[in-house]
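Enquirer: Here it is, the structure in full.
The values are calculated or read from the model by the stated rules, or taken from the named source; none is laboratory data. Nothing here was measured: the structure is a model prediction, and the numbers come from that model. Reconstructed Cβ throughout: ideal geometry from the backbone, glycine too, with neighbour counts over all protein chains shown. Ligands, DNA and RNA are stripped out before the accessible areas are found, and what is left, the full protein with its side chains, is counted by its heavy atoms. Shrake-Rupley method; radii C 1.70, N 1.55, O 1.52, S 1.80 Å.
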Amino acid sequence: MIPIAEPLLAWYTRHGRHDLPWRQTRDPYPLWLAEIMLQQTRVESVKPYYTRFLQTLPAWRALAAAPQDQVLALWSGLGYYTRARNAQRAAQVVMASFAGHFPDTLEKAVTLPGVGRSTAAAVLASAYGQRQAILDANARRVLIRSHAIDADPKATATQQWLWTLASALTPEDAHGYNQAIQDLGAMICTPRQPRCPDCPLASRCKAHAQGRSHALPVTAHKPPKPQRHTFFLLAADPEGRILLEKRPDSGIWGGLWCLPQAAPDGGELSILCNDTLPPLEDTPAVRQFLQEAWSRRLRLDLQLLALAEEQQHVFTHFQLRFRCAHARVLDSAVADSAATLRWYHPADALTQGLPTPIRRILRNLGGGR
DNA sequence: CAAACGTGGGG
DNA sequence: TCCCCAAGTTT
């Protein structure tokens, strides 16, 4: 085991990112919110979301009581929307079970939805000054390189070893150390082309000594992404409003407002589907199928006008190809009654929680390019 | 325990 | 253009 705390903290004092918005406080609520937003997400992406969210919902009570649609609207574009729904559930638990205070033990903290071991440790260290080790992607990379760990980082045994290492190396000032190791990972010990000449740990780094910094951590080769296809319905009523459908909480884009979908094989209509379809052809048969399927499911008398050019959206685990079907309805009364279906003027729709590609589509509707 | 879960920036 | 992957957690 290689002691790194002392040079790390010295480096952090001089070169760390002390100006990050969530480093201006020791209040658990904003610290916790930042940790949730930063999960699998870059600092620069989080900043504007963090500021806006905190201005709108500045405390546990406000978040716990907010409409879910408001929470998701504040999260819209940030991705991994389970985090937003869990964050609100966590705020409700904090209010109901912890008297409005973030719990003060790891055991209790990890019972909060969306709060795992690393997030819990980060908050406890920063908010309460506890000696708690984190193990995020930055800390993991620094430990793997400094100790020249060849094993698969995903393997359970490796994870266990890394946690043991992290705990042993974390000093009393875990608050400072955790931030220091994260900054080192983000600024010096980066995934590709690490800047070893500038690294305060270079002299004691095993990977550097072996000339293997660039080769660690070992990375698994990724299989190609499966392709999925769907049609999105752009139905306009006589007032120029667009029909949106609220997605179920589970699954992709959970809880967001989306354009209604259809898959040309007649399969489940409310989910993004599926790899076995014929491509997104524009034939009379396809048009007829789409018009009938949507009319029946949405209980609308709609006329299909045109199929727009194919677009695509890439997710972590699959690639989505889609076309927008422009349609009009003469009477929008029926769909208004369903809780998961709503007509929106495009400008109002843009204030809702929307998936990024749907936001792009709606933004480009009127006068956009 | 492998897969699900978003999006955008950088090489 | 394409591939990588980021302050992980949940199922």
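Enquirer: Return yes when A:Val115 is in a helix (DSSP H, G or I) and closer than 23 Å to A:Arg52 by Cβ and no when it is not. Step through it out loud before you land on a result.
Expert: Values: in a helix (DSSP H, G or I): no; closer than 23 Å to A:Arg52 by Cβ: yes.
No; evaluated as a whole, the condition is false for this residue.
Enquirer: Here is a check on your reading of the model: is A:Leu124 closer than 28 Å to A:Ala180 by Cα and away from DNA strand B (no atom under 15 Å from the Cβ)? Full working, then the answer.
Expert: Values: closer than 28 Å to A:Ala180 by Cα: yes; away from DNA strand B (no atom under 15 Å from the Cβ): yes.
Here the answer is yes, as A:Leu124 does meet what is asked.
Enquirer: If you don't mind, another one. Looking at A:Ala59, A:Ala73, A:Ala64 in this structure, which one is more than 14 Å from DNA strand B (Cβ to nearest atom) and either out of contact with any Phe, Trp or Tyr (no Cβ under 9 Å at 6 or more places or on another chain) or open to solvent by less than 40 Å² (accessible area, probe 1.4 Å) (or both)? Spell out how you get there, then give the answer.
Expert: Details: A:Ala59 fails: either out of contact with any Phe, Trp or Tyr (no Cβ under 9 Å at 6 or more places or on another chain) or open to solvent by less than 40 Å² (accessible area, probe 1.4 Å) (or both); A:Ala73 fails: more than 14 Å from DNA strand B (Cβ to nearest atom).
Among A:Ala59, A:Ala73, A:Ala64, only A:Ala64 is more than 14 Å from DNA strand B (Cβ to nearest atom) and either out of contact with any Phe, Trp or Tyr (no Cβ under 9 Å at 6 or more places or on another chain) or open to solvent by less than 40 Å² (accessible area, probe 1.4 Å) (or both).
Enquirer: Right, something else. Identify all residues within region A:143-162 that are more than 25 Å from the chain's Cα centre (by Cα) and small (Gly, Ala, Ser); write none if there are none.
Expert: A:Ser146, A:Ala148, A:Ala151, A:Ala157, listed by residue number.
Enquirer: Of everything in region A:120-137, what is assigned to a helix (DSSP H, G or I) and surrounded by fewer than 22 Cβ atoms within 10 Å (Cβ to Cβ)? Give them in sequence order.
Expert: Within region A:120-137, the subset assigned to a helix (DSSP H, G or I) is A:120-128, A:137.
Hits for region A:120-137 are A:Ala127, A:Tyr128, A:Ala137.
Enquirer: Additional query: Being more than 8 Å from DNA strand C (Cβ to nearest atom), more than 21 Å from the chain's Cα centre (by Cα) and assigned by TED's automatic domain parsing to the domain that holds A:Tyr177 narrows it down to one residue among A:Leu33, A:Leu9; which is it? I'd like the intermediate steps shown before the answer.
Expert: On the way: A:Leu33 fails: more than 21 Å from the chain's Cα centre (by Cα).
Criteria check complete, one pass: A:Leu9.
Enquirer: On to the next question. Quick one: which helices (runs of 4 or more DSSP H) sit completely within region A:280-369 and have at least 3 residues that are touching a residue at least 60 places away in the same chain (Cβ under 8 Å) and within 16 Å of DNA strand B (Cβ to nearest atom)?
Expert: Numbers: elements: A:284-298, A:346-349, A:356-363.
Answer list for region A:280-369: A:356-363.
Enquirer: Can you find even one residue in region A:21-42 that is surrounded by fewer than 16 Cβ atoms within 10 Å (Cβ to Cβ), among the charged types (D, E, K, R) and under 27 Å from A:Trp257 (Cα atoms)?
Expert: Within region A:21-42, one or more residues are surrounded by fewer than 16 Cβ atoms within 10 Å (Cβ to Cβ), among the charged types (D, E, K, R) and under 27 Å from A:Trp257 (Cα atoms).
Enquirer: Among helices (runs of 4 or more DSSP H) lying entirely in region A:145-249, which contain 2 or more residues that are loosely packed, with under 14 Cβ neighbours inside 10 Å and of a type outside the set (S, T, N, Q)?
Expert: Where helices (runs of 4 or more DSSP H) fall fully within region A:145-249 and carry at least 2 residues being loosely packed, with under 14 Cβ neighbours inside 10 Å and of a type outside the set (S, T, N, Q), they are A:156-169.
Enquirer: Give me the pairs, please: first residue somewhere in region A:149-172 and closer than 17 Å to A:Ala207 by Cα and hydroxyl-bearing (Ser, Thr, Tyr), second residue anywhere and open to solvent by 50 Å² or more (accessible area, probe 1.4 Å) and within 15 Å of DNA strand C (Cβ to nearest atom), beta-carbon distance under 8 Å, and either six or more positions apart or on two chains.
Expert: A:Thr158/A:Asp152
Enquirer: From the list A:Arg228, A:Arg195, which residue is out of contact with any Asp or Glu (no Cβ under 7 Å at 6 or more places or on another chain) and away from DNA strand C (no atom under 11 Å from the Cβ)?
Expert: Numbers: A:Arg228 fails: out of contact with any Asp or Glu (no Cβ under 7 Å at 6 or more places or on another chain).
When all the criteria are applied, what remains is A:Arg195.
Enquirer: While we're on this one: Exactly one of these conditions fails for A:Glu310: (1) more than 16 Å from DNA strand C (Cβ to nearest atom); (2) open to solvent by 70 Å² or more (accessible area, probe 1.4 Å); (3) touching a Lys or Arg at 6+ places or on another chain (Cβ under 6 Å). Give me its number.
Expert: (1)
Enquirer: Then there's this: Identify, from the list A:Thr158, A:Thr219, A:Thr230, the residue that is within 12 Å of DNA strand B (Cβ to nearest atom) and among the polar types (S, T, N, Q).
Expert: Details: A:Thr219 fails: within 12 Å of DNA strand B (Cβ to nearest atom); A:Thr230 fails: within 12 Å of DNA strand B (Cβ to nearest atom).
Answer to the check: A:Thr158.
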